[in-house]
Amino acid sequence: MVRAAGASIRVVKESPSLRELTTQTLRDAILKMHFKPGQRLVERQLCEETGVSRTCVREALQHLESEGLVERVANRGLFVASVSAEEARQIYEVRAALESEFARLFVERATDRDLEALQAALTRLEKAIDRKPVIAYVEALDGFYEVILRGANNEVARATLRTLGARISYLRALTTQASPPGREQETASLMRGIYEAAAKRDGTSIAARCRAFVERSAKFAVQVLKDQEAKAPAA
């Protein structure tokens with residue numbers, strides 16, 4: 001039987017599946033440091049904590065493993081992934097290169113609605129400062145950059161950066177918890193500078209501001225991780 005041209009096979013999805021909800025719950029637990037880096041994740045215990053089936057937990061862990069938040073150790077099981085200072089340095093180098101270019105493209109291609117969305121994201125970020133838990137602040141930062149990525153209108157490059165998304169969020173959560181008083185307010189001020197450059201359609205300025213912001217973040221994150229590594233007991 002030949003299917004009629006234009007016939008739809010689209011799956012109608014009304015709400016997130018239980019697996020997706022479990023994945024998000026466990027992802028948030030890692031970003032909130034409920035599960036610490038290097039902590040072993042036992043399926044039975046996770047089932048008890050989340051109240052869902054082992055199959056659902058297993059599928060969620062597999063997805064988090066693909067994101068780099070969970071790692072499998074041979075003959076030992078699954079553990080919350082740790083990001084080394086060297087790995088963080090490399091992630092921030094990728095971010096500095098891609099995000100500055102994304103920002104320049106945003107200025108060239110963004111619609112007025114995109115600019116309005118960026119302003120709204122900035123407002124959410126400013127409201128999230130000092131909010132507990134830190135996940136609200138991390139999500140607000142993620143949301144600000146997501147508007148820029150979407151407005152840049154390059155899906156291939158956006159997908160490339162998305163592969164680092166979970167680890168970028170993890171590093172944001174880690175550094176936010178280690179931040180001295182006032183650092184988040186300084187971050188919000190820098191984000192406002194990025195928005196103002198976008199509103200002026202100044203591609204050179206926004207690219208430079210984004211790169212400077214990432215380099216500032218990298219310096220702090222790498223130092224935090226080096227300090228943690230220095231304090232870690234020898235294996």
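Numerical summary
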| quantity | calculated |
| --- | --- |
| Under the span-like rule (Cα at least 18 Å along the axis, Kyte-Doolittle mean at least 1.6), DSSP H helices of the chain | none |
| Amide H contacts under 5 Å for Val70, placed H, 5+ residues apart | Glu65, Ala81 |
| Helical mean residue ellipticity (222 nm; -39500 (n - 2.57) per DSSP H run of 4+; nearest 500) of the chain | -23000 deg cm²/dmol |
| Translational diffusion coefficient (Stokes-Einstein; Kirkwood radius from C-alpha pairs) of segment 84-149 at 4 °C, 1.567 mPa s, in µm²/s | 99 |
| Modelled FRET efficiency - R0 35 Å, Gln45 with Glu86, Cβ distances, 0.05 increments | 0.65 |
| Gained length - Ala212 relative to Arg192, 0.36 nm times residue gap less alpha-carbon distance | 5.8 nm |
| Global geometry of segment 18-80, whether rounded, prolate or oblate, following the gyration tensor of its Cα atoms and the 1.5 cut on a/c | rounded |
| At R0 = 41 Å, FRET efficiency that the Cβ-Cβ distance of Gln228 and Leu21 yields, to 0.05 | 0.85 |
| Net length gained if the chain between Ala159 and Glu108 were fully extended (0.36 nm per residue, minus Cα distance) | 16.4 nm |
| Dipole moment magnitude, nearest 20 debye, the chain about Cα centre, only Lys, Arg, Asp, Glu C-beta charged | 220 |
| Among 65-73, 177-185, the order from most to least packed when residues are scored by Cβ within 10 Å on average | 65-73, 177-185 |
| In the chain, lysine pairs closer than 25 Å at Cα, eight or more apart or cross-chain | 12 |
| Calculated Kirkwood radius over Cα pairs in Å (choose from (1) 17.8; (2) 19.5; (3) 17.2), label | (2) |
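No value in this document is a laboratory result; all are computed from the given coordinates. Please read all numbers here as calculations on a predicted model, not as lab measurements. Positions of Cβ are generated from backbone atoms using ideal geometry, with glycine treated the same way; all protein chains shown enter the neighbour counts.
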